[in-house]
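Structure, as structure tokens:
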Amino acid sequence: MVFSKTTCGYCGMAKRALHETGVKYGLMELNQRSDCGKIQQILKEITGASTVPRVFINGKCIGGGTETVALQRNGKLLELVQA
């Protein structure tokens with residue numbers, strides 16, 4: 001699951017990395033929702049960060065765009081999905 005904003009470059013990085021790896025994922029574009037602030041507050045409580053993207057694999061937050069791309073590059077992203 002990716003919590004994202006349509007105008008965010010790091011969100012694009014994360015979504016691209018998932019797509020290129022062949023990972024199917026849920027997507028919530030927060031800037032298209034009236035409860036954006038509330039969701040970001042909940043993300044902060046859960047993950048310690050309210051910034052986007054917040055990428056979850058198998059219920060665990062793996063981080064944001066930079067972390068997702070790093071996992072893709074070292075081959076660990078697909079491993080996490082398949083675990």
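The values are calculated or read from the model by the stated rules, or taken from the named source; none is laboratory data. Worth saying up front: this structure is predicted, and the values here are computed from it rather than measured. No Cβ is skipped: glycine too gets one built from the backbone with ideal geometry, and neighbour counts run over all protein chains shown.
In this structure, Met1 does satisfy being modelled with pLDDT of 95 or more and surrounded by fewer than 16 Cβ atoms within 10 Å (Cβ to Cβ). On the basis of being of a type outside the set (Val, Ile, Thr), surrounded by fewer than 16 Cβ atoms within 10 Å (Cβ to Cβ) and in contact with a Phe, Trp or Tyr (Cβ under 9 Å, 6 or more places away or on another chain), does Leu78 make the cut? When the stated conditions are applied, Leu78 does not pass them.
Might you let me know whether region 37-49 holds any residue that is crowded, with 16+ Cβ neighbours inside 10 Å and more than 28 Å from Leu78 (Cβ to Cβ)? Scanning region 37-49 turns up at least one residue that is crowded, with 16+ Cβ neighbours inside 10 Å and more than 28 Å from Leu78 (Cβ to Cβ).
Among the residues of region 47-83, those identified as more than 15 Å from Lys5 (Cα to Cα), part of a helix (DSSP H, G or I) and at pLDDT 95 or above are Thr47, Thr66, Glu67, Thr68, Val69, Ala70, Leu71, Gln72, Arg73, Lys76, Leu77.
Filtering region 1-21 to residues that are in a loop (DSSP other than H, G, I, E, B) and in contact with a helix residue (DSSP H, G or I) (Cβ under 9 Å, 6 or more places away or on another chain) leaves Lys5, Thr6, Thr7, Cys8. One residue stands out among those in region 54-75 that are without any contact (Cβ under 8 Å) to a residue 24 or more places away in the chain and more than 11 Å from the chain's Cα centre (by Cα): the one that is surrounded by the fewest Cβ atoms within 10 Å (Cβ to Cβ), which is Gly59. Just name the residue that is modelled with the highest pLDDT out of those in region 19-36 that are loosely packed, with under 13 Cβ neighbours inside 10 Å, under 25 Å from Ala70 (Cβ atoms) and among the charged types (D, E, K, R). Per the stated criteria, the residue is Glu20. Given the criteria part of a loop (DSSP other than H, G, I, E, B) and of a type outside the set (Gly, Ala, Ser), does Lys24 qualify? Judged against the criteria, Lys24 is a match.
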